[in-house]
1. For the list (1) in contact with a Phe, Trp or Tyr (Cβ under 7 Å, 6 or more places away or on another chain); (2) of a type in the set (D, E, K, R); (3) buried (at least 18 other Cβ atoms within 10 Å of the Cβ), I need the number of the one condition that Asp220 fails.
2. Which condition number does Ala272 fail, the rest of (1) outside any strand (DSSP E or B); (2) aliphatic (A, V, I, L, M); (3) in contact (Cβ under 8 Å) with a residue 60 or more places away in the chain; (4) closer than 22 Å to Glu156 by Cα being met?
3. Return the residue satisfying two criteria in turn: it lies in region 149-164 and is assigned to a helix (DSSP H, G or I) and touching a His at 6+ places or on another chain (Cβ under 8 Å), and of such residues it is surrounded by the fewest Cβ atoms within 10 Å (Cβ to Cβ).
4. Identify the residue in region 193-230 that is more than 12 Å from Phe7 (Cβ to Cβ) and among the acidic types (Asp, Glu) and, among all such residues, is farthest from the chain's Cα centre (by Cα).
5. Among (1) part of a helix (DSSP H, G or I); (2) out of contact with any helix residue (DSSP H, G or I) (no Cβ under 6 Å at 6 or more places or on another chain), where does Arg94 come up short?
6. Confirm whether Tyr143 is closer than 24 Å to Phe295 by Cβ and among the aromatic types (Phe, Trp, Tyr).
7. Check off (1) touching a helix residue (DSSP H, G or I) at 6+ places or on another chain (Cβ under 7 Å); (2) modelled with pLDDT under 95 for His74 and give me the number that stays unchecked.
Amino acid sequence: MTNVNPFKQPGQWYRGNTHSHSTESDGRLPIGDRFAAYREAGYDFLVLTDHRKVNDVSAHSHDDFLAISGSEVHPANPHGGSMYHIVAINIHERINCAELHPNAVIANIKAQGGEAVLCHPYWSGHTITDYLPLNGYFAIEVYNDTCMGIGKGFAESAWDDVLDRLGPVFGIAADDAHGTEHDCFHGWIMVKSPELTIDGIMNGLRTGAFYSTLGPEIVDLELVETGDKKKVTVKCSPAQSIVFKGQASRGRRIVAPQGESLTEAEYVVPSATKYVRVEITDESGKKAWSNPFFF
Ligand SMILES: [Zn+2]
Ligand SMILES: [Zn+2]
């Protein structure tokens, strides 16, 4: 997996949501209204991911807004758990997921030029047992807004399990919008790309040139290497805490003094660290997540 630092890449930041539904499946808005709502809310792109369906959404793109076709597919789980929910970003042909092994579903997504995301692991009751057999997905939803309806939107430990036991995978915050308010405009990604095109956004996703947020802004992120010493530094909007996380017991949490806030922090990476990712939490509890640096 190629992994870049988005803060060192050329281009602009584009705000997008990778998971949404319309009346074509169990969403409450028709396709056109779903795209219009996100465009009006200031988003640069939206992926439509109706269950087991793929729609031509090209008519909903504008100069300043990209409509991306996708799907949420549900292969059965041969490993004992509930069925998978896999978001396919940028596919154009329906996948007959009922008859395919989950790895064949992911291979089909990639063969179409798309990318696969493992959705809402906490809500699905999935554990590492369900993810160990899967290959080829590029990201896991670290946050899913509609799953906050039962308080199971955050999946940081599932992401860390995969990072610790399996290796590089990116984290995505998404709305999984079905309604019009409670699960809209709360979790998104910021993608760095030279241009607002399908190729530009897909390349940004594949290389990890993005971060996830519920509001806080990551302003800069840097990996400084001097000889065999490594240091990660971050700058961000005012935060109550900044956490650096590595595998298992590795990491560090920095908390702002009472009545103050943090806008930067640094972490000297101990030897034998496999990865470091950064989490920002603001005063209201809203979070942002960088993708990991993999060593
Ligand atoms: Zn789902
Ligand atoms: Zn969904």
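1. For Asp220, the exception is condition (3).
2. In the conditions (1) outside any strand (DSSP E or B); (2) aliphatic (A, V, I, L, M); (3) in contact (Cβ under 8 Å) with a residue 60 or more places away in the chain; (4) closer than 22 Å to Glu156 by Cα, Ala272 misses (3) alone.
3. Residues of region 149-164 that are assigned to a helix (DSSP H, G or I), as a first pass: 149-150, 156-164.
Next cut, touching a His at 6+ places or on another chain (Cβ under 8 Å) only: 149, 158.
On the way: Gly149: 15, Ala158: 23.
Per the stated criteria, the residue is Gly149.
4. Step one: of region 193-230, the residues more than 12 Å from Phe7 (Cβ to Cβ) are 193-207, 212-216, 224-230.
Applying the additional criterion that residues be among the acidic types (Asp, Glu) yields 195, 199, 225, 228.
Working: Glu195: 20, Asp199: 18, Glu225: 27, Asp228: 31 Å.
Only one residue fits best here, namely Asp228.
5. The number of the failed condition is (1).
6. On the way: closer than 24 Å to Phe295 by Cβ: no; among the aromatic types (Phe, Trp, Tyr): yes.
Taking the combined requirement at face value, the residue does not satisfy it.
7. All conditions are met except number (2).
Rundown of residues vs (1) surrounded by fewer than 20 Cβ atoms within 10 Å (Cβ to Cβ); (2) outside the structural domain of Gly125 (by TED's automatic domain parsing); (3) within 15 Å of ligand 2 (Cβ to nearest atom), yes/no style:
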residue	(1), (2), (3)
Ser58	yes, no, no
Gly70	no, no, yes
Pro78	yes, no, no
Ser82	yes, no, yes
His85	no, no, yes
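The values are calculated or read from the model by the stated rules, or taken from the named source; none is laboratory data. What you are looking at is a predicted structure, and each value in this text was computed from that prediction instead of being measured. We place every Cβ from the backbone using ideal geometry, glycine too, and count neighbours over all the protein chains shown.
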